[in-house]
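Scroll down for the structure; my scribbles are underneath it.
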Amino acid sequence: MRDIVSVTGLTKQFDRLTAVEDLSFSVREGDVYGFLGQNGAGKSTTLRMLLTLIAPSAGKIHIFGEDIAVNRNKVLGKVGAVIEKPDVYKYLSAYENLQLFAKLSGCRANEKILMDQLAMVGLDARARDKVKTFSQGMKQRLGIAIALVHDPELIILDEPTNGLDPQGIADIRNLILYLSRERKKTVIVSSHLLSEIEQVATRVLIIDKGKKVIEGNASELFDPSQTIVEITTTNNERAFLLLQQSVWKEYLQPRAALSIRLKLDRKQITALHHSLVSMDIELESLQPRHSLEDYFLQVTSGNQHVDTYTGRTL
Amino acid sequence: MWTLIQVELYKIFRRPRTYIAFAAITALIGIIQFGLKLDGDTYVDFMMRDINSSITVDGKILNGYQVCYIVLQVLLVHVPLLIALVAADMVSGEANMGTLRLMLTKPISRTRFLLAKFIAAMTYTILLLIWLAVLALFLNMVIFGTDDLFLMKSSYVVLLKKDDIFWRYVWAFGFAALAMTTVASLGFLFSLFAENSIGPIVATMSVIVFFTILSTLNIPVFNSIKPFLFTTHMIGWKEFFDIRVNESNEAIIGSIQNPWRIVQSALVLLLHIICFVGASVWVFRKKDILS
């Protein structure tokens, strides 16, 4: 599978705030790429940089093999996007909005094509109604219809289920699956909810405070037999170097400030412990995380999160 | 580019706010016409009270041309606000609605997008002035008829022959369009820096009021900057109604007293438009869309 999106060393600095720092990832053809992170983690900033809405402070973005900074229009012609709320012209009808954006996308869509597009998102019956009378869910679906009107190869959806009721969330999830499986589109979908990404994504990237935490295949990341082991030692830097030179290299996750993380099978934990002792690494703690969600909350929590069932602070 | 301009014009003319200016101009001119039709003679008596003893004017002073001049003098001070209502909303309104980010995810260059918006704002400005011309000139010609135009300037009077007036109005409206486009380009520039329309509208009007005060103040220290203020040149349309006289002190039909001053004013306004639009493009190309 070829890389549709390739991001290298992407950084965005707003005055003194670093929103995204040295982020690298790639999205392959046919992926439903889950972009996961807490609110303010840098997801929207990254997606806006992919769409040239924000200029990167450093780094390179290639989409369809083209440098987005050089061939912007050529690339965007093959991309459809909904960034945050799908705001459209409230004084126009759904049909008029779709027609207007089809024109801007360089798409010569006739009435049948536009109505089919609205039917796909379940808005054909409300095609002639002004958007100001629409619910949030309907606006979201119209936004997706606009993103798809020119039949793009890559679809970018930023928090597409925000503000939707359970039925609306299910509709969007089904639509993403339909686009991926039936229409063979590559989709990047961001969310701060792991459960949403878990149900649709084939590959996942978790970011926190603008930095990559973990990237991998969803089937592996969400595999219940797999776990993230977090270790702290008296000298993390030395321990990380030793692990890099050992058989555990392939299990190592990107460096974190205060700990070392490895993703492995639960059964390997004892072997890891023995290796650490044999390498003369002085352990302070070794904690297997129960699930990706547990790990996600741990690594991405700026503030404390409270488990509503147990009252335990994570 | 043409598609972009079409889309922008479509958006402008589908918004109810656009028609506020057309409705306001219609109402204001309607009131002036009603008042002058009802009590125009009193107005003329008041206008002529100081010179009645020294000048006798034959014919109908309160004619369509006269009423048009009165309307233009009154309205061209207020039209900038109506222009700013739309021009200063062109980008900030989209940022406020959240549609700007959706527009810019489409395969359109930012420069073309912005220029299409400016051309649409300029078209709106020109259409507003055409509407003003229809009501203030053509309708008044129908209602009040036509005759010679008698104008009282600060230290002299001008009498323009009936057949020597219409072309002056055509040029005057053309010049007014240039002046109002300058206002539109200023509002357009301000609209890049805000995410609601109120700020840019107020900022545009504040600059116009401030510069107008500076332009009209007769304080020597400000005299050196007056030629560079666009507000000084916005009233250049009045120059079309100043006529040259020959050695026998007779008016030369078809002449303008100081055409170079009109050209100079037009160039200053044009330069301002180029600067404001150029600055808009420069800012917008680098702008991060965070709305």
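The values are calculated or read from the model by the stated rules, or taken from the named source; none is laboratory data. Everything numeric here is computed off the predicted structure, so don't read it as measured data. Cβ coordinates were reconstructed from backbone atoms using ideal geometry, including for glycine residues, and neighbour counts include every protein chain displayed.
Would you check which residues across segment A:216-236 are modelled with pLDDT under 85 and crowded, with 21+ Cβ neighbours inside 10 Å and list them? Within segment A:216-236, A:Leu221, A:Thr227, A:Ile228 meet the criteria. B:Phe228 fulfils the conditions (1) under 24 Å from the mean Cα position of the chain (by Cα); (2) touching a residue at least 60 places away in the same chain (Cβ under 8 Å); (3) farther than 30 Å from B:Thr99 by Cβ except for a single criterion, (2).
For B:Leu128, state whether it is out of contact with any His (no Cβ under 7 Å at 6 or more places or on another chain) and at the interface with another protein chain (Cβ under 9 Å from one of its Cβ atoms). Here the answer is no, as B:Leu128 does not meet what is asked. Applying the criterion of being farther than 19 Å from A:Asp31 by Cα and among the aliphatic types (A, V, I, L, M) to the residues of segment A:51-79, the residue that is farthest from the other protein chains (Cβ to nearest Cβ) is A:Ala58.
Among the residues making up segment A:232-252, those that are touching a residue at least 24 places away in the same chain (Cβ under 8 Å) and either more than 22 Å from A:Arg289 (Cα to Cα) or of a type in the set (Lys, Arg) (or both) are A:Arg238, A:Leu242, A:Ser246. Within segment B:188-291, which helices (runs of 4 or more DSSP H) (wholly inside it) include 1 or more residues that are within 21 Å of B:Leu151 (Cβ to Cβ)? Ranges flagged: B:198-216, B:230-234, B:259-286.
Selection of segment A:98-112 for residues being loosely packed, with under 15 Cβ neighbours inside 10 Å and either away from chain B (no Cβ under 14 Å) or part of a helix (DSSP H, G or I) (or both) yields A:Asn110, A:Glu111, A:Lys112.
Of the residues making up segment B:1-22, those that are of a type in the set (A, V, I, L, M), more than 10 Å from chain A (Cβ to nearest Cβ) and either buried (at least 17 other Cβ atoms within 10 Å of the Cβ) or assigned to a helix (DSSP H, G or I) (or both) are B:Ile5, B:Leu9, B:Ile12, B:Ile20, B:Ala21. Applying the set (1) modelled with pLDDT of 85 or more; (2) touching a Ser or Thr at 6+ places or on another chain (Cβ under 6 Å); (3) outside any loop (DSSP other than H, G, I, E, B) to A:Arg128 leaves exactly one unmet item: (3). Scanning segment B:264-280 for residues that are buried (at least 16 other Cβ atoms within 10 Å of the Cβ) and not aromatic (Phe, Trp, Tyr) turns up B:Ser265, B:Ala266, B:Val268, B:Leu269, B:His272, B:Ile273, B:Val277, B:Ser280.
So for segment A:80-97 (the condition being at the interface with chain B (Cβ under 7 Å from one of its Cβ atoms), in contact (Cβ under 8 Å) with a residue 40 or more places away in the chain, under 21 Å from A:Ile155 (Cβ atoms) and not in a loop (DSSP other than H, G, I, E, B)), does at least one residue qualify? Looking for residues that are at the interface with chain B (Cβ under 7 Å from one of its Cβ atoms), in contact (Cβ under 8 Å) with a residue 40 or more places away in the chain, under 21 Å from A:Ile155 (Cβ atoms) and not in a loop (DSSP other than H, G, I, E, B), one finds at least one in segment A:80-97, hence yes. Taken together, the residues in segment B:137-170 that are part of a loop (DSSP other than H, G, I, E, B) and closer than 18 Å to B:Gly254 by Cα amount to 5. In this entry, A:Glu182 is excluded by the filter for residues that are touching a residue at least 24 places away in the same chain (Cβ under 8 Å), closer than 30 Å to A:Glu220 by Cβ and among the charged types (D, E, K, R).
For B:Ala87, are the conditions met, namely being away from every other protein chain (no Cβ under 14 Å), of a type in the set (A, V, I, L, M) and in contact with a Gly (Cβ under 6 Å, 6 or more places away or on another chain)? The answer is yes for B:Ala87.
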